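Asks: Below you will find the structure I want to go over with you.
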Amino acid sequence: MELLQAPEGDIVATHPATRFARVLAVLMMVVPGVALIALGAQLTDVDADARLPAIAGGATLLALGVAAFVQQSRSKVVMRSDGIERWGLRGKLWALRWAEMIELRYRAVKVRLYHVIPAGTNIYITLTDPGGRKRKVPSNMRGMEVLAERVAENQTRARFAEARAALDRGEQVRFGTALILDREKVSARKLFGGYKSCPLGDIEKVAVEGGFLRIRQKGKLLAFGGGSIGAIPNVFLFLRLLDGLFAHPSAIPAERDFAARTSVG
């Protein structure tokens, strides 16, 4: 198997980890660890049996807290013009060029306290290389929404020419088991197996709503197909190819929004 080449282009942006995990490590491990060590040191000879476990437990918590703090301090994602790098406690953990990202899976989940109060959005990105190995981008990077948009845009651009050429040759382009696209139609997986097809000319609307891709066919009440954004690999490539197959892209209503930040469930 051909070895993958690490990105060598200019650095476009650096996204370090947020401070939340470091604060959590201090509050949940460092502070309790120091408190246990202090408690153990104050125990008298009468409580000698409890002194050692308290000090040992406190030292363990303290060591884990410090390690977590240092790891998060070094955690970052580096965007280059030709790819992406993931850095951590051991230095560079992995690197991948845009053209070698065979699959991109994107999922964004709105977090709500007590199911009511908005508390932000967690974005999850998984990249797959030609060997089938998956690379996960941590969801706690600073500026995660911007990072997600950059990754989706660059990966889509890098895969577009090859996929469009396949369509022009009359071949099919598959997006996992969910969707199949060719020059004349889009096919969606049925609930109990197999595929159903819809000619491109019969597509009335394609929308990304509430974390789901919905394709509507003219004259049909229910959605023809689609599914959860996170379950469709290279979903942004699918949407861009679909636009390119229409002689007049306006045939699909403009309220459809492909931006990564709005594809939230």
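The values are calculated or read from the model by the stated rules, or taken from the named source; none is laboratory data. What you see is a predicted model; the values in this text were computed from it and never measured. FYI the Cβ positions are ideal-geometry reconstructions off the backbone, even for glycines, and counts take in every protein chain you see.
Asks: Looking at segment 123-150 only, could you name the residues that are within 25 Å of GLY211 (Cβ to Cβ) and touching a helix residue (DSSP H, G or I) at 6+ places or on another chain (Cβ under 8 Å)? Spell out how you get there, then give the answer.
Replies: Start the filter on segment 123-150 by keeping residues that are within 25 Å of GLY211 (Cβ to Cβ), which leaves 123-128, 134-150.
ILE123, TYR124, ILE125, LEU127, VAL137, ASN140, MET141, GLU145, ALA148, GLU149, listed by residue number.
Asks: Taking PHE160 and the conditions (1) modelled with pLDDT of 90 or more; (2) more than 24 Å from ASP243 (Cα to Cα), which numbered condition does it fall short on, given that it satisfies the others?
Replies: (2)
Asks: Restricted to segment 197-220, and to residues that are surrounded by fewer than 14 Cβ atoms within 10 Å (Cβ to Cβ) and more than 29 Å from LEU127 (Cβ to Cβ), which residue is modelled with the highest pLDDT?
Replies: Kept after step one, since they are surrounded by fewer than 14 Cβ atoms within 10 Å (Cβ to Cβ), are these residues of segment 197-220: 199, 201, 210, 218-220.
Checking the rest, the ones that are also more than 29 Å from LEU127 (Cβ to Cβ) come to 199, 201, 218-220.
Values: PRO199: 89, GLY201: 85, LYS218: 84, GLY219: 79, LYS220: 80.
Step by step, filter segment 197-220, then rank; the result is PRO199.
Asks: Sort through TRP98, TRP87 and tell me the only one that's among the aromatic types (Phe, Trp, Tyr) and touching a Gly at 6+ places or on another chain (Cβ under 9 Å). Give the steps one after another, and end with the answer.
Replies: Details: TRP87 fails: touching a Gly at 6+ places or on another chain (Cβ under 9 Å).
Sole residue among the options that is among the aromatic types (Phe, Trp, Tyr) and touching a Gly at 6+ places or on another chain (Cβ under 9 Å): TRP98.
Asks: Does GLY83 satisfy being buried (at least 19 other Cβ atoms within 10 Å of the Cβ) and more than 23 Å from ALA178 (Cβ to Cβ)?
Replies: Details: buried (at least 19 other Cβ atoms within 10 Å of the Cβ): yes; more than 23 Å from ALA178 (Cβ to Cβ): yes.
So GLY83 passes the test.
To keep it simple, each residue is scored yes or no on (1) part of a loop (DSSP other than H, G, I, E, B); (2) in contact (Cβ under 8 Å) with a residue 24 or more places away in the chain; (3) not basic (Lys, Arg).
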{"position": "GLU171", "(1), (2), (3)": "yes, no, yes"}
{"position": "ILE180", "(1), (2), (3)": "no, no, yes"}
{"position": "ARG183", "(1), (2), (3)": "yes, yes, no"}
{"position": "ALA188", "(1), (2), (3)": "no, yes, yes"}
{"position": "PHE192", "(1), (2), (3)": "yes, no, yes"}
{"position": "SER197", "(1), (2), (3)": "no, no, yes"}
{"position": "GLY201", "(1), (2), (3)": "no, no, yes"}
{"position": "VAL208", "(1), (2), (3)": "no, yes, yes"}
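Asks: Return the total of residues in segment 86-130 being modelled with pLDDT under 85, charged (D, E, K, R) and loosely packed, with under 12 Cβ neighbours inside 10 Å. Outline the logic, then answer.
Replies: Restricting attention to segment 86-130, the residues satisfying the condition of being modelled with pLDDT under 85 are 108-122.
Adding the requirement that they be charged (D, E, K, R) leaves 110, 112.
If we keep only those that are loosely packed, with under 12 Cβ neighbours inside 10 Å as well, we get 112.
Here the count works out to 1.
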